[in-house]
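The numbers here are math on the coordinates, done by the rules we state, and not lab data. All values reported here derive from a predicted model rather than from experimental measurement. Please note: Cβ atoms are built from the backbone with ideal geometry, for glycine as well, and neighbour counts cover all protein chains shown.
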Amino acid sequence: MKGDIRVTPSPGSGAVPEPERAAAPGPEQAKPDALPASGQPAIDLAAITAEIQALRRGRGLRGDVAGRIGPLLRELAGGRHAEGGVAAGAVPAAHDDAAQLRRMLGSRLEVLAGRLPEDLRTAILAALALHPATVNMRTYELRREWVARQVERVARTAERRIDEAQFLLAQEIAGELARERSRPAHPAELESWYIKSFRAVFLLDGEVTEAVERRVIVPSVDGLAELDLALDVPVDPGRPRSPLRLQMIKGGELVRVEELARTRTRYLIRLPHPLSAGEAHEYEMRIQAQPGDPLRDYYVFRPERRCDAFELRVRFDRRTLPAWVRRVAGEDVHSYTSFEGLPAAGQLVAVDPTGEASESFSRLRPHYGYGLQWGWP
């Protein structure tokens, strides 16, 4: 299970986590797409393009890009694909697996780029430092100059060629993600446990911003003794991230916490005893941001495994109430990270006299966001 709780304690600040899945916003993300007739959120081509663009900098995919790989490319790296045989959600989380993450993503991009015309395939692989001739080039400018020499054109023409290839590659990635999301899980990928219910209280009215999360989990196998989890925290470019404070309240022992990539914290919970298949177990924990850390204006849960029910309550400081609160239900990560303007009337959620807003959700779809988002006057 992976996640990120994203929040905002006061007007004008940024955000912290959102449970279940990495979702660091990419640069210049597009506005949310409309839901297609099927009710499934469209995959944002502009967001994928921005994520690829971010990887072109510096040494490309040969550099330290673990903190720059956006949520859609991270999903692609760990997808259910025949080429690598990697199960969905298997993106490596530990810091010593950063090289494996680069290899997994690079392998997938090479396969999808192979569907492009030869000149465009060469251009985008060179830009990302995936072409054999450019793997040792330290800057994007050097790799662009190499592309220009191959096509006997100036650097500006090479840039246009790379941009064209990037857009077509984004289309291939979008199609692949759509196929993988709709594909039934292979028996080997069946979850060993699922979330029967998840209740979160997000507190923005104290000295420290914190979330109190209570989950009831149910194993599908005998002998479940540990939960290996991850929490992703979006960080604006150029800003450091302070470590989160995690504390078990009941139902388990927090035996390991690791700060991994710039946006990711991994933690291991040891259960009081091995659980039997079908044996429900409740655990509760507190997650606190460091005082003064910028937080985003939403708390969104993005599950990677089955979740039957989710209930969220956000308590605002009554001295600085938001101008509006909206319900986020089954949205792609880039729909809420790039949300602008005012929500539709049907999305609005009331804030009661105590400064609280709440919503509940059932039968959540994996990889899509559920929760509350707010805006300031």
Among 162-172, 119-129, what's the highest-first ranking by average C-beta atoms within 10 angstrom per residue?
119-129, 162-172
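Give the Rg/Rh ratio for the range 45-182, taking Rg as the radius of gyration of the Cα atoms and Rh as the Kirkwood radius, to two decimals.
On the way: Rg = 14.3 Å, Rh = 14.9 Å.
Rounded to two decimals, Rg over Rh is 0.96.
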Quickly work out the Glu152-to-His273 label distance, labels modelled 7 Å from Cα along the C-beta direction, and quote it in nm with one decimal.
7.9 nm
If packing is taken as the average count of other Cβ atoms within 10 Å, what order do 346-355, 217-226 fall into, highest mean first?
217-226, 346-355
Scoring the range 45-182 by relative contact order with C-alpha pairs under 8 Å, at least six apart, yields a percentage of 30 percent
So which trypsin sites (Lys or Arg not before Pro) in the range 275-377 pass both tests, a DSSP loop state and at most 13 other Cβ atoms within 10 Å of the Cβ?
Arg318, Arg319
